[in-house]
Amino acid sequence: MSRLAVEKAKELHDRYPESSIPVDIEKMAEAEGCELIDWPFLKPVKEVKQGRWIGIAHGLDSRERRHLIAHALAHHLLHCGNQLSFHQRWQGEPARQEREAEAFAAYILMPPKELVGVITMSVWELADYFDVPEELASQRINEYATPEEIPNWNEACYSVL
């Protein structure tokens, strides 16, 4: 888990305290200087970030669209250059940047203070609540949990049993 990605997501939430759940990631991206462009990309391309432009493929469901916008916003805020997302496994520096972008997307769309109140929900219920893909909800509570969150979540899970 990338501390930088978590801190940047927290900073953004602090900058936009009026945000509600689900987070209006399009509004947030535009407020951060990005311009969203719907584009008829050919598979496997779903999202491209170039400078301040974020291209998003036509026809994505809201969960995937929101996830990809948050992912691209992470690249905008954390990394230099342009990114083209095939959602493949990368190695080296691209892998680190992709992991950071995924952690940021998970934290910006599923903020800690909102997540703590609903942590006993199943992964699919969390995905519904936050309007994110189930895979991202699972990653958020498993791979991207902070050391401070894990004991609370374990306690919440055991109290449900």
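Annotations for the structure displayed:
- Candidates Glu93, Glu155 - the one that is surrounded by fewer than 20 Cβ atoms within 10 Å (Cβ to Cβ), of a type in the set (D, E, K, R), farther than 26 Å from Ala57 by Cα and modelled with pLDDT under 90: Glu155
- Residues satisfying the criterion are present in the stretch 71-84 (criterion: closer than 15 Å to Glu47 by Cβ, in contact with a helix residue (DSSP H, G or I) (Cβ under 8 Å, 6 or more places away or on another chain), modelled with pLDDT under 95 and not in a helix (DSSP H, G or I)).
- Within the stretch 18-55, the residues that satisfy the criterion of being under 30 Å from Pro147 (Cα atoms), under 17 Å from the mean Cα position of the chain (by Cα) and modelled with pLDDT under 90 are Ser19, Ser20.
- Check on Glu32, surrounded by fewer than 21 Cβ atoms within 10 Å (Cβ to Cβ) and within 18 Å of Gln97 (Cβ to Cβ): yes
- Residues in the stretch 20-64 that are closer than 22 Å to Ala127 by Cα, in contact (Cβ under 8 Å) with a residue 24 or more places away in the chain and among the small types (Gly, Ala, Ser): Ala29, Ser62.
- Candidates Arg15, Arg66 - the one that is basic (Lys, Arg) and modelled with pLDDT of 95 or more: Arg66
- Hits in the stretch 17-45 (condition: assigned to a loop (DSSP other than H, G, I, E, B) and under 17 Å from Asp131 (Cβ atoms)): Ser19, Ser20, Ile21, Pro22, Val23, Asp24
- Test result for Ile54, assigned to a helix (DSSP H, G or I), surrounded by 20 or more Cβ atoms within 10 Å (Cβ to Cβ) and among the aliphatic types (A, V, I, L, M): no
- Members of the stretch 121-140 found to be assigned to a loop (DSSP other than H, G, I, E, B) and either surrounded by 15 or more Cβ atoms within 10 Å (Cβ to Cβ) or touching a Phe, Trp or Tyr at 6+ places or on another chain (Cβ under 9 Å) (or both), listed by number: Met121, Asp131, Val132, Pro133
- Total residues in the stretch 141-152, condition surrounded by 17 or more Cβ atoms within 10 Å (Cβ to Cβ) and either at pLDDT 95 or above or acidic (Asp, Glu) (or both): 0
The values are calculated or read from the model by the stated rules, or taken from the named source; none is laboratory data. Given the structure is predicted, the values throughout are model-derived calculations rather than measurements. Reconstructed Cβ throughout: ideal geometry from the backbone, glycine too, with neighbour counts over all protein chains shown.
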